[in-house]
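The values are calculated or read from the model by the stated rules, or taken from the named source; none is laboratory data. Fair warning: this is a prediction, and the values are worked out from it, not measured in the lab. Virtual Cβ from ideal backbone geometry, glycine too; neighbours counted across all protein chains shown.
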Amino acid sequence: MLKSFKQLSRKVVDKNVIFEYCKDQVELPDGKVEEYIACVHKGAAAVVPVLPDGRILMVHQYRYAIDRNTVEIPAGGRDGADEPFEIAAKRELEEETGYTTDEQLQHLITIATAIAYCNEIIEVYVARGLRKTEQHLDPDEFIEVVPYDIEELVDMIYEGRIQDSKTIASIMAYYRKYLT
């Protein structure tokens with residue numbers, strides 16, 4: 001069993017709407033003290049939205065950090081660390097796709113996105129019983145919603161056309177849990 005690390009201090013170096021960038025002093029299991037960098041995140045939620053015919057709604061959007069258009073499941077950060085993940089998931093579903101559901105979301109998987117330097121957790125849900133409403137995009141969001149068959153999405157993952165880790169993990173978990 002690994003001995004635990006002990007945080008001795010934390011200094012917030014920078015802060016924005018997505019995360020806090022921190023420098024921590026940490027006591028290692030051997031007693032030495034080292035500086036660790038951590039991005040502290042409020043958490044996020046994502047949804048695998050399943051239409052009555054079994055197709056999955058995906059969002060096409062441009063991602064600045066990688067300078068390209070992507071195919072992803074709808075997702076977004078919680079409004080605060082106390083907001084329930086399921087509430088954030090329903091909000092992001094409607095904001096990004098223009099669909100909502102009156103049914104209970106089914107929890108699918110928990111993803112820790114970048115465990116070496118960030119504490120972000122994404123809770124992923126499956127949404128069924130979708131009902132069309134309208135998109136409520138943020139001013140900087142430009143999203144196209146496209147339905148896909150699950151086999152097409154799995155092929156897109158293996159072809160490298162889908163590279164987003166939350167989307168890959170979620171689509172593969174959905175495929176394994178519900179379709180195999």
- For the stretch 29-53, what are the residues that are over 13 Å from residue 119 (Cα atoms) and either touching a helix residue (DSSP H, G or I) at 6+ places or on another chain (Cβ under 7 Å) or assigned to a loop (DSSP other than H, G, I, E, B) (or both)? 29, 30, 31, 32, 45, 46, 47, 48, 49, 51, 52, 53
- Message: Of everything in the stretch 135-152, what is within 22 Å of residue 95 (Cα to Cα), modelled with pLDDT of 95 or more and in contact with a helix residue (DSSP H, G or I) (Cβ under 8 Å, 6 or more places away or on another chain)? Give them in sequence order.
- Response: 143, 145, 148
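Residues checked against (1) surrounded by fewer than 14 Cβ atoms within 10 Å (Cβ to Cβ); (2) hydroxyl-bearing (Ser, Thr, Tyr); (3) free of Cβ contacts under 8 Å to residues at least 40 places away in the same chain; (4) not in a helix (DSSP H, G or I):
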{"position": "153", "(1), (2), (3), (4)": "no, no, no, no"}
{"position": "160", "(1), (2), (3), (4)": "yes, no, yes, yes"}
{"position": "163", "(1), (2), (3), (4)": "no, no, no, yes"}
{"position": "170", "(1), (2), (3), (4)": "no, yes, no, no"}
- Inspect all residues belonging to the stretch 78-89 and state whether any of them is under 28 Å from residue 53 (Cβ atoms) and of a type in the set (Phe, Trp, Tyr). yes
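Given the criterion aliphatic (A, V, I, L, M) and within 18 Å of residue 168 (Cα to Cα), identify the matching residue among 81, 38, 44. Spell out the reasoning first.
Values: 81 fails: within 18 Å of residue 168 (Cα to Cα); 38 fails: within 18 Å of residue 168 (Cα to Cα).
Result of the check over 81, 38, 44: 44.
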- Item | Where residue 44 falls short, out of the listed (1) farther than 27 Å from residue 152 by Cβ; (2) small (Gly, Ala, Ser); (3) touching a residue at least 24 places away in the same chain (Cβ under 8 Å); (4) surrounded by 11 or more Cβ atoms within 10 Å (Cβ to Cβ) | (1)
